[in-house]
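First up is the structure itself, then whatever we jot down about it.
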Amino acid sequence: MLIFSAINCFLFVIFFLKSGGYYLTESSSVETSIDIVNTTPAPIVVKTTKEIVPAFTGDVIANDLYQKYLGIYQFRNNSLKPSDINSNTNVILLIVTRWTSFDLRGALRQMLKNDNRTKFEYKTIFLFNYDDSASKEDIKRIEDENTVYKDMLMPNVEDNYHTVGLKLLSSFDWITSLNLPNLKWVVKLDDDVIANQTRLDEHLVYHQKSGNDKIHCVVAKNAKPFRKPEAKWYITKMEWPYDHFPDYCMGFSYLVSPENIKKLFNTFKSSMDQSYIWMEDVYITGILAKLSDIGLLSIQHLIHLKKEAPTKNSQFMLAHNEGSTPMGRFLLWQEIFGTK
């Protein structure tokens, strides 16, 4: 019996440490919505229907070493260089894609090229890495593509769906290091988003001095974690033991100032061992934003989220258009926004 109890205690300690050192206690005075509070040097405290109490304050991971190991400060030799970015750039369009999406990148370059109807100067950056499945011919093709277009940033982060957040945070640090004097916004886009660049430009120009302290996006409120293992966004209770996520931005697009991407990265650096989860939108725009005291501004009225394609001459700023081919998306973009 004593041996059995000792084994159980050992397993509990292992689980306890791996879960980040939190435990749950009932509380009658806690809030119903999630409130993440940054405590220094103690880990974050999260309030939901139960109160999470920090159980220890020691560092579980040496953050700097761990982040270097993940590759977020390193980039492929054939990646975009700081010298490729014009100092007059006002907006960086940061597009998360896959290395295999050659045709899609071509279509997006046509859709997002600088337009003489816009007031801001735009720079498109495709964010991805490649893995061991890329042949020498594939890598040469990527290198040649970037030589021509100079728009592909490749952090040396493991390439899979669960590392999108790390790639984005790596790009935030890289963009911050450029010290671009005229940069006003960074617009994160998935590669299945169609943009009306004129309408986007109007929004960014209008909010460059008022409202740029918040992240602009479609806000998800009171969202619950997916607990079924077969779900695409499945997350275990060890990773996130609470019943709801903090409010966060739906990940297909969000608009953020350069000051705030710097804040988000710095918070990541200091708190990764306490608060990291792999879900990019929840982690960056929910957890890190809350810890950084950055608010969210809903722009849902400007976004087309319906299953049906938007109509011709739509006034929506962005449309989330999953499932279509690159050429189909390009033709739909022309039809919607009347652009030739």
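The values are calculated or read from the model by the stated rules, or taken from the named source; none is laboratory data. All figures in this text were calculated on a predicted structure; none of them were measured in a lab. All Cβ positions, even for glycine, are placed from backbone atoms using ideal geometry, and neighbour counts span all protein chains on display.
Listing for the model above:
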{"item": "Residue within the stretch 145-163 that is among the aromatic types (F, W, Y), within 24 Å of C217 (Cα to Cα) and either touching a helix residue (DSSP H, G or I) at 6+ places or on another chain (Cβ under 8 Å) or surrounded by fewer than 14 Cβ atoms within 10 Å (Cβ to Cβ) (or both) present", "result": "yes"}
{"item": "Tally, over the stretch 228-263, of residues that are among the hydrophobic types (A, V, I, L, M, F, W, C) and under 25 Å from M317 (Cα atoms)", "result": "6"}
{"item": "Residue list for the stretch 196-214, restricted to those being in contact (Cβ under 8 Å) with a residue 60 or more places away in the chain, of a type outside the set (A, V, I, L, M) and not in a loop (DSSP other than H, G, I, E, B)", "result": "Q197, T198, R199, D201, H203"}
{"item": "Cross-chain or 6+ apart pairs with Cβ under 6 Å, the stretch 125-138 first and not assigned by TED's automatic domain parsing to the domain that holds L93, then modelled with pLDDT of 95 or more", "result": "none"}
{"item": "Neighbours by Cβ (under 7 Å, 6+ apart or cross-chain): first from the stretch 215-238, closer than 19 Å to M250 by Cα; second exposed (fewer than 12 other Cβ atoms within 10 Å of the Cβ)", "result": "V218/Q300; Y234/K228"}
{"item": "Unmet criterion (only one of (1) modelled with pLDDT under 95; (2) surrounded by fewer than 17 Cβ atoms within 10 Å (Cβ to Cβ); (3) within 29 Å of M272 (Cα to Cα)) for I72", "result": "(2)"}
{"item": "Selected residue (criterion: farthest from I72 (Cα to Cα)) from residues of the stretch 120-155 that are of a type in the set (V, I, T) and assigned to a strand (DSSP E or B)", "result": "T124"}
{"item": "Output for the stretch 215-229, where each listed residue is assigned to a loop (DSSP other than H, G, I, E, B) and either more than 18 Å from the chain's Cα centre (by Cα) or modelled with pLDDT under 90 (or both)", "result": "N222, K224, R227, K228, P229"}
{"item": "Looking only at the stretch 189-238, and only at residues there that are in contact with a Ser or Thr (Cβ under 6 Å, 6 or more places away or on another chain) and charged (D, E, K, R), the one that is nearest to F126 (Cα to Cα)", "result": "D191"}
